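The values are calculated or read from the model by the stated rules, or taken from the named source; none is laboratory data. Just so you know, these numbers come straight off a predicted model, no measurement behind them. Please note: Cβ atoms are built from the backbone with ideal geometry, for glycine as well, and neighbour counts cover all protein chains shown.
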Amino acid sequence: MAISTAHMPISELMGKVTRGELRLPEIQRGYVWKPPQVAKLLDSLYRDYPSGSLLLWEAESDPETRPMRTSAGTQPAAQSALYLLDGQQRLTSLHRVFSGHPNADIVFNVETESFQNQSAATKKDPRWLRVHDLLHGTQMYQLVSGMKQALPALDEQTVFDRITRVHRIKDYRYYLETLRELSYLEVTDIFVRVNSRGRTLRATDLALATLSARWPGVLGKFEGESSTWQKASFPDLDTGFLTRAMTAALLGRGPSQWSLGRLTAATDEELDTAWATVRRGLAHLVPLLKNNLGVQHSSLLPSVLALVPLVVLLGERPDAPLAERDRDALLYWLLAATIRNRYSGSTDTVLSQDIPAVRKPDGIRALLDNLGLLGGRVSVSSEDLAGRGQGSPYFFLSFLVAKRAGATDWWFGSAIDATAQGSQKLQYHHIHPRATLKQKYSKHDINDLANLAFISGKANLKISDRSPSAYFPELEQMGAESLAKHFVPDDSSLRTADSYPAFVLRRREMLAEAMTSLLNSLAPAYLGPATNGTDPLTGLSLDLDLYQSSWDEPKLVVRATTPSSEWRCILDLSAFEQALDEAAQGVVSDLALSGADGVVRPADNGLEVELGPFVVEGRREDWQSALDRERADAIPLSQLPHIDAVAWEGERARFPIASSD
């Protein structure tokens, strides 16, 4: 192997990207940086801090490539291209800033010497200047003169020095290492090793990179298949899902560091067979979900990863009709696995159990055995639904039972439809509006699953903040089934805020009965009678409350409850979100939990955060949804309680962030 080294200014690197002389091999993952990360990079360059090196590859023949997320590099390069192995996020971000990309419109505050993404506030504040303009600007003295009024406390020389330092970011020199005389497979091995420490790639990214080296063109295959399912309202069957499914079909388990070598060793015949399995399995499974279970859109599924064993099962079975009992048992397993949160956390372990199971002569029975259900079927009780919210897997079941009952949109009569758009787009509605409850009940009580119904945005606007005592009579005039098909009790005494606890209790009973009926209709006859205690989250809850104001940093109060304890802490929201972002990039971070310690770390299916008695798990977007939900219900910072958190010393249960309140 030959390695050459050099230093190159950012301005020259940007030119190479623009001219297509720096390209991305197919083994690279996509661009993932957010504007705050771009701003931090510019801040480091402005201060002349180290920001890493770049690793390039000079290929003897042109490999498969993937496009950079810029407008550059679409034309053939005038000279032989180099391929970027490490540094994609930095160079793509910088090129976006240099070229004025709308998603990298970073601004610089001349007074505070800080960088951030452009906002409505910064556009009105003359102290904030666009970095793009400063990088390309030549008339610095005229700009300085124009800022006298905005910055009277700073002398002109200081202002000039600061904007000149931004301008000179283009002169920052990166250290380059260029690899030569290496095959694609050898380069992929180096790529995997480089990205297996520090800021790591996810296991799916590394597996896709390995497949790309061994099977050039696989990214195009995956993107084409993903596009097909996106058009069928299953956009979550993306390249990440297909990589997991392909790895499962090929190796009998999920992607992991251990499995990368085995992917490289796969033969062409094994790769072709595994891909045919995935495509055939999806072609059978998606219509089954839509037509037999009522799952019209993949967003309804708490985790599409639970589909992977079923894809393998259906993709490898003989080409014969699926018996009705097997079809129902397959769907029963999916619902039971969802209730038990089997695929909410680390998936490699459960896939290594479930994929071999589906390859047994009676694969569905073996799957049910892995869930411990051969001794008794699943039932749902009102106690199981207590304290559950929109993130609970029971929310998914509440949609299915309403769909099964023929629930229609209130006032407008159309069947509830997860694929509807515009004013008919499906929403979950608070039956007792928050406005009528917030003076007497907590957010946790108000957002109870038993207070949520599926109706259109148009119907939601018509209800506004009216009490059920006001709008239920209108619905009843249109027919008693308007409420009954949503499992809403018709007792008129349960329609006021004072009767809300009794309303929730009664609706839980109705929903639990309907959910159990759905499960029983699909359960195979060989299962035993229903058993209690099937939900591992019964008795566990995670409550988040955001406290914020304009005068200090927002704080997040976390309350974790088990049957025997309650643990609370306060998190600085900005620091916590930074830790989540870093974990999404592969970095383990420590958290200061108002006196106790916690850890945020990457996992093969997202992120894990140690919070008292729980290891809270979920994808970065799941965490963002939870935090956005709290921002919508933020409490004044002046009401922040005093909490002394203590270190947790016992065992930790796994808890999905999607099930938090």
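Odds and ends about this structure:
- Selection status of THR338, of a type outside the set (A, V, I, L, M, F, W, C), within 30 Å of ARG601 (Cβ to Cβ) and buried (at least 24 other Cβ atoms within 10 Å of the Cβ): no
- Of all residues assigned to the stretch 87-98, at least one qualifies as being closer than 24 Å to TYR172 by Cβ, of a type in the set (Ser, Thr, Tyr) and under 34 Å from the mean Cα position of the chain (by Cα).
- The selection criterion, being in contact with a helix residue (DSSP H, G or I) (Cβ under 8 Å, 6 or more places away or on another chain), surrounded by 13 or more Cβ atoms within 10 Å (Cβ to Cβ) and not in a helix (DSSP H, G or I), holds for LEU182.
- Among the candidates SER469, SER499, residue that is hydroxyl-bearing (Ser, Thr, Tyr), farther than 30 Å from GLU324 by Cβ and free of Cβ contacts under 8 Å to residues at least 12 places away in the same chain: SER499
- Those residues of the stretch 224-242 which are part of a helix (DSSP H, G or I) and among the small types (Gly, Ala, Ser), in sequence order: GLY224, SER226, SER227, GLY240
- Tally, over the stretch 100-110, of residues that are surrounded by fewer than 17 Cβ atoms within 10 Å (Cβ to Cβ) and in contact (Cβ under 8 Å) with a residue 24 or more places away in the chain: 2
- GLY598 free of Cβ contacts under 8 Å to residues at least 40 places away in the same chain and surrounded by 22 or more Cβ atoms within 10 Å (Cβ to Cβ): yes
- Leading residue by the ranking (modelled with the lowest pLDDT) among those in the stretch 620-629 that are farther than 17 Å from SER589 by Cβ and of a type outside the set (S, T, N, Q): GLU621
- Residue check, ALA357 crowded, with 17+ Cβ neighbours inside 10 Å, in contact (Cβ under 8 Å) with a residue 40 or more places away in the chain and over 23 Å from the mean Cα position of the chain (by Cα): yes
- Selected residue (only one of ALA209, ALA213, ALA232 is under 24 Å from LEU607 (Cβ atoms) and either crowded, with 18+ Cβ neighbours inside 10 Å or at pLDDT 90 or above (or both)): ALA209
- Residues satisfying the stated conditions in the stretch 452-467, i.e. under 10 Å from HIS430 (Cβ atoms), in a helix (DSSP H, G or I) and in contact with a helix residue (DSSP H, G or I) (Cβ under 8 Å, 6 or more places away or on another chain): ILE463
- Failed criterion for TRP33 (all others in (1) buried (at least 20 other Cβ atoms within 10 Å of the Cβ); (2) touching a Lys or Arg at 6+ places or on another chain (Cβ under 7 Å); (3) of a type in the set (Phe, Trp, Tyr); (4) part of a loop (DSSP other than H, G, I, E, B) hold): (2)
- Unmet criterion (only one of (1) crowded, with 20+ Cβ neighbours inside 10 Å; (2) within 16 Å of the chain's Cα centre (by Cα)) for SER625: (1)
- Qualifying residues in the stretch 34-66 (those that are closer than 28 Å to ARG214 by Cα and at pLDDT 85 or above) - the one farthest from the chain's Cα centre (by Cα): GLU58
- Whichever residue in the stretch 485-494 is touching a residue at least 40 places away in the same chain (Cβ under 8 Å) and not aromatic (Phe, Trp, Tyr) and, among such residues, is surrounded by the most Cβ atoms within 10 Å (Cβ to Cβ): HIS486
- Qualifying residue in the stretch 332-349 (condition: charged (D, E, K, R) and over 24 Å from the mean Cα position of the chain (by Cα)): no
- Look at the stretch 167-190: where a residue is under 25 Å from LEU94 (Cα atoms) and a partner is small (Gly, Ala, Ser) and part of a strand (DSSP E or B), sitting 6+ places away or on another chain with Cβ atoms under 6 Å, you get LEU176/ALA6; THR178/SER4.
- Scanning the stretch 36-56 for residues that are surrounded by fewer than 20 Cβ atoms within 10 Å (Cβ to Cβ) and assigned to a helix (DSSP H, G or I) yields PRO36, GLN37, LYS40, ASP43, SER44, TYR46.
- When the stretch 392-416 is filtered for residues that are charged (D, E, K, R), farther than 15 Å from ASN460 by Cβ and touching a helix residue (DSSP H, G or I) at 6+ places or on another chain (Cβ under 8 Å), only ARG404 remains.
- Members of the stretch 406-425 found to be surrounded by fewer than 17 Cβ atoms within 10 Å (Cβ to Cβ) and either within 12 Å of ALA484 (Cα to Cα) or not assigned by TED's automatic domain parsing to the domain that holds LEU511 (or both), listed by number: GLY406
- Qualifying residue in the stretch 636-658 (condition: surrounded by fewer than 20 Cβ atoms within 10 Å (Cβ to Cβ), under 23 Å from LYS34 (Cβ atoms) and without any contact (Cβ under 8 Å) to a residue 24 or more places away in the chain): no
- Within the stretch 149-159, the set of residues being at pLDDT 75 or above and more than 43 Å from the chain's Cα centre (by Cα) comprises PRO152, ALA153, LEU154, ASP155, GLU156, GLN157, THR158.
- Condition check for GLU577: modelled with pLDDT under 85 and surrounded by 17 or more Cβ atoms within 10 Å (Cβ to Cβ): no
- Elements of type strands (runs of 3 or more DSSP E) in the stretch 77-120, at least 2 residues being among the hydroxyl-bearing types (Ser, Thr, Tyr), closer than 18 Å to ARG162 by Cβ and in the same structural domain as VAL187 (by TED's automatic domain parsing): none
- Residue within the stretch 494-504 that is more than 22 Å from ALA435 (Cβ to Cβ) and of a type in the set (Lys, Arg) present: no
- Of residues in the stretch 513-567 being aromatic (Phe, Trp, Tyr) and touching a helix residue (DSSP H, G or I) at 6+ places or on another chain (Cβ under 8 Å), the one nearest to HIS642 (Cα to Cα): TYR547
- Checking LEU313, LEU351 one by one, the residue that is crowded, with 23+ Cβ neighbours inside 10 Å, farther than 30 Å from ALA420 by Cα and at pLDDT below 90 is LEU351 and no other.
- Where a residue in the stretch 114-125 is without any contact (Cβ under 8 Å) to a residue 40 or more places away in the chain and under 11 Å from PRO35 (Cα atoms) and its partner, wherever it lies, is part of a strand (DSSP E or B) and of a type in the set (Phe, Trp, Tyr), with Cβ under 9 Å and at least six apart: GLN118/TRP128
- Exactly one residue out of VAL286, VAL295 is under 30 Å from ALA415 (Cβ atoms), assigned to a loop (DSSP other than H, G, I, E, B) and of a type in the set (Val, Ile, Thr), and it is VAL295.
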